Amino acid sequence: MKKVKSKILVTGGLGFIGSHTVVELQNEGFEVVIIDDLSNSKIEVLDGITSISGKKPEFVQFDLKDKKLVKQFFENHKIEGVIHFAASKAVGESVEKPLLYYENNIATLVFILQEMVKNKVKNFIFSSSCTVYGQADELPITENAPIKPAESPYGNTKQIGEEILKDTAKVEDLNIIALRYFNPIGAHKSTKIGELPIGVPQNLIPFVTQTAAGIRKELSVFGDDYPTPDGTAIRDYIHVVDLAKAHVSALNRLLGNQNKTNFETFNVGTGKGSSVLEVINAFEKVSGKKLNYKIVGRREGDITSAYADTTLANRELGWRSKLSLEDALDAAWKWQVKQV
Ligand code: UD1
């Protein structure tokens, strides 16, 4: 039996990145309590987590917009750190319903921070995104790259979230790390947890796997006239298990008082860019399936190319991504096959 370490609150712990992070935390001996409102996740994920790690995390179901319940939760639980995943993440929907996104992503962040301050919970990890950089002027992207005006209310909630954290860290006794995720993909290799998109997937990999599984007729490749070697857009696709482990490293940094300032940001990516056509080719290789796709026009708001400079995370967090694009696509495909 591993020694039980601190109790960590994981909001959105039944979501895609949250569930993989809960597994890694439990594997490292942390005690986890999850808050999730099941608005974009399924209760069965709890069984998946339990079956992989051999331990059932505590689970509390409620909506973080209910300030009273957030208050009660912190009064009734002795927490040493919070990893905050719970948020809405559909870019298109955020354009249609900006107020919903500001309420879901910003109001809840404020409520949690208020209760952390009141209850002297010091350590906080925030899910930020490479979307804050927009189309960066220099590649690979370092943490010092300027923040560009957000393309959507969703992207804006990540920028505003970081600003709220920076301002709060100046005056409150909090230690905060914002992790700027590049493009998380894949699934757990056990195929017990993975991505569960609701409706038509907006992101590339779930659309690819659903097309290969016959759920979607054809993948649209959004643009082949970008100034890249094959004309399709380039992203830094990171295996969700590697990303989950970055959270454990960030948490250990905070719990061990190794942070240099009380608000830090780190890029979490692989450092390698892949084009849409490279992803399709790699997918066809690992799955043995021919993918039905056609080239269409660019998607509004898409950038040409983004991949991370991960030097800072490698050095300061002692973390680096280990799994390949092929590993991630293989896991995503096996997970998809299991869903059908
Ligand atoms: C998108 C969001 C970003 C968010 C991230 C979360 C947009 C414009 N950006 O990033 O804000 O943080 O998801 O995961 O929605 N592609 C296709 N066909 C498809 C789907 C995607 O060709 O059916 C292409 C896209 O044009 C892009 C690449 O695949 O070049 C990756 O797309 P996606 O998975 O949606 O991620 P991002 O657009 O990078």
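The values are calculated or read from the model by the stated rules, or taken from the named source; none is laboratory data. Only a predicted model underlies this, so the values are computations on that prediction, with no experimental measurement involved. Counting neighbours? That spans all protein chains shown, and the Cβs are built from the backbone with ideal geometry, glycine included.
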_Suppose we filter 296, 276, 268 for residues that are within 16 Å of the ligand (Cβ to nearest atom), within 22 Å of residue 179 (Cβ to Cβ) and in contact (Cβ under 8 Å) with a residue 24 or more places away in the chain; which single one remains?_
268
*Do any helices (runs of 4 or more DSSP H) entirely within region 32-129 hold 1 or more residues that are within 19 Å of residue 248 (Cα to Cα) and under 19 Å from the mean Cα position of the chain (by Cα), and if so, which?*
44-53
*Of all the strands (runs of 3 or more DSSP E) wholly in region 205-269, which have at least 1 residues that are under 15 Å from the mean Cα position of the chain (by Cα)?*
237-239, 263-268
*Looking at region 211-227, which of its residues are within 10 Å of the ligand (Cβ to nearest atom) and surrounded by 17 or more Cβ atoms within 10 Å (Cβ to Cβ)?*
211, 216, 219, 221, 222, 223, 224, 226
*Can you confirm whether region 110-129 contains a residue that is within 12 Å of the ligand (Cβ to nearest atom), in contact (Cβ under 8 Å) with a residue 60 or more places away in the chain and either under 30 Å from residue 235 (Cβ atoms) or in contact with a Phe, Trp or Tyr (Cβ under 7 Å, 6 or more places away or on another chain) (or both)?*
yes
_Pairs please, first residue from region 82-99 and touching a residue at least 40 places away in the same chain (Cβ under 8 Å) and surrounded by 15 or more Cβ atoms within 10 Å (Cβ to Cβ), second anywhere and in a helix (DSSP H, G or I) and of a type in the set (A, V, I, L, M), Cβ atoms under 6 Å, 6+ apart in sequence or on different chains._
85/17
*Could you list, in sequence order, the residues of region 303-317 that are touching a residue at least 12 places away in the same chain (Cβ under 8 Å) and out of contact with any helix residue (DSSP H, G or I) (no Cβ under 6 Å at 6 or more places or on another chain)?*
303, 304, 305, 307, 308, 309, 310, 311, 312, 313, 316
_Given the options 45, 70, name the one that is within 24 Å of residue 181 (Cα to Cα), in contact (Cβ under 8 Å) with a residue 12 or more places away in the chain and surrounded by 16 or more Cβ atoms within 10 Å (Cβ to Cβ)._
45
*State which residue is farthest from the ligand (Cβ to nearest atom) when the search covers only region 152-168 and only residues that are closer than 20 Å to residue 254 by Cα and either buried (at least 19 other Cβ atoms within 10 Å of the Cβ) or modelled with pLDDT under 95 (or both).*
168
